[in-house]
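Student: Got a structure for you, written out below as structure tokens; questions coming shortly.
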Amino acid sequence: MVENEAPDGDRPVSPERLIYFSDAVVAIAITLLALELPVPTGDVHGNSGVLHFLRDHLAEYSAFLVSFWAIAIHWLVHQRLFRYVTGVSGGAIRWNLLWLLAIVVTPFTTKLLTSEADAFQVQFIVYAANQVLTGLFFRLGFADLRRSGLLRTSGAPEAVSGTLGWLTAMMVTFLVSIPVAFVTHWASLCWVLLPAIRAALRLLQRGPRTAAA
């Protein structure tokens, strides 16, 4: 053995296994979301009864769609950016595991959000914070990859910045909705502002570039 050879734990490893594992965990999380959806039981009778049941549980179905959309965005960001990854560092693996933990917790925070507990602010903040932390863990892991020089530079900068821009906009959207929850129970309407927040952040990024030019 060569004396200067780095320990195996310090060497970058192939990203494929991490990508496949992450895809599987994300798929499980989305499946768990669907399993939590309420369905009519034997106590519900007739078409009118089923329609009444569906109306009564509209909040749960809406929360499912929001969470599906959120997990889908996190997964899309992951698969789009990891195509530029040439290896995975130990730090990136740890951040990716925390990212997966936040993904797996989403079905729980979704159920908490729509539960009958009389604690709207706590329920809402836990859910929104879950989404913010999911994005934060990914960004920290990706930053570790960048610092470690494990990204392909060919064709990557513009695609990476654009994809990270959407992730940042999503984090800001959920973060902004948290203080709004102390004012109104309609704080979730802030989430539809994602495209507008993304456009605003893009303008802010262009400002310094234009000034520098």
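The values are calculated or read from the model by the stated rules, or taken from the named source; none is laboratory data. What you see is a predicted model, and the numbers here were worked out from it, not measured in a lab. In this analysis, Cβ positions are derived from the backbone assuming ideal geometry, glycine residues included, and neighbour counts consider all displayed protein chains. All accessible areas refer to the heavy atoms of the entire protein, side chains included, with ligands and DNA or RNA removed. Shrake-Rupley method; radii C 1.70, N 1.55, O 1.52, S 1.80 Å.
Student: So who's got an amide H within less than 5 Å of the one on LEU151, skipping anything under 5 residues away but keeping other chains? H placed 1.01 Å off N, in plane.
Tutor: Amide H neighbours of LEU151: THR86.
Student: Let me check I have the definition right: for the range 146-197, take the eigenvalues of the Cα gyration tensor, multiply each by 5, take square roots. What are those semi-axes in whole Å, largest first?
Tutor: 33, 11, 5
Student: Right, next: At 1.4 Å probe radius, can you tell me the per residue accessible area of the chain in Å²?
Tutor: That works out to 59 Å² for each residue.
Student: Name all residues of the range 174-194 having a backbone nitrogen under 20 Å from the label point set 7 Å from the Cα of PHE120 along its Cα→Cβ direction, giving them as ranges.
Tutor: 174-193
Student: Right, another one. Report the longest stretch of the chain that contains none of the GluC sites (Glu not before Pro) sitting in a DSSP loop with at most 16 other Cβ atoms within 10 Å.
Tutor: 117-213
Student: Okay, next question. Which whole DSSP H helices in the chain pass both tests: a Cα extent of 24 Å or more along the axis and a mean Kyte-Doolittle value no lower than 0.5?
Tutor: Both cut-offs are met by 16-35, 58-81, 90-113, 120-147, 156-180.
Student: Taking just the alpha-carbon atoms of the range 104-213, what radius of gyration and Dmax come out, in angstrom?
Tutor: Every Cα atom of the range 104-213 included, Rg and Dmax give 16.9, 55 Å.
Student: Given that just one value was derived from the coordinates, which of [x] 1.10; [y] 0.97; [z] 1.22 is Cα Rg over 2.2 N^0.38 Å?
Tutor: Of the labelled values, this structure produces [z].
Student: Continuing with this model, one more query. Just to confirm my numbers, what's the Cα centroid distance between the range 96-120 and the range 147-197 in Å?
Tutor: 19 Å
Student: Check each of the trypsin sites (Lys or Arg not before Pro) in the range 137-177 and keep only those in coil by DSSP with at most 14 other C-beta atoms within 10 angstrom; list them in order.
Tutor: ARG152
Student: Then there's this: With each label point set 7 Å from Cα along the Cα-Cβ vector, what nm distance links GLU158 and LEU37?
Tutor: Once both label points are built, they end up 3.9 nm from each other.
Student: Per the 1.4 Å probe, what fraction of the accessible area of the chain, in percent, lies on carbon and sulfur atoms?
Tutor: Whole-percent figure for carbon plus sulfur exposure: 66.
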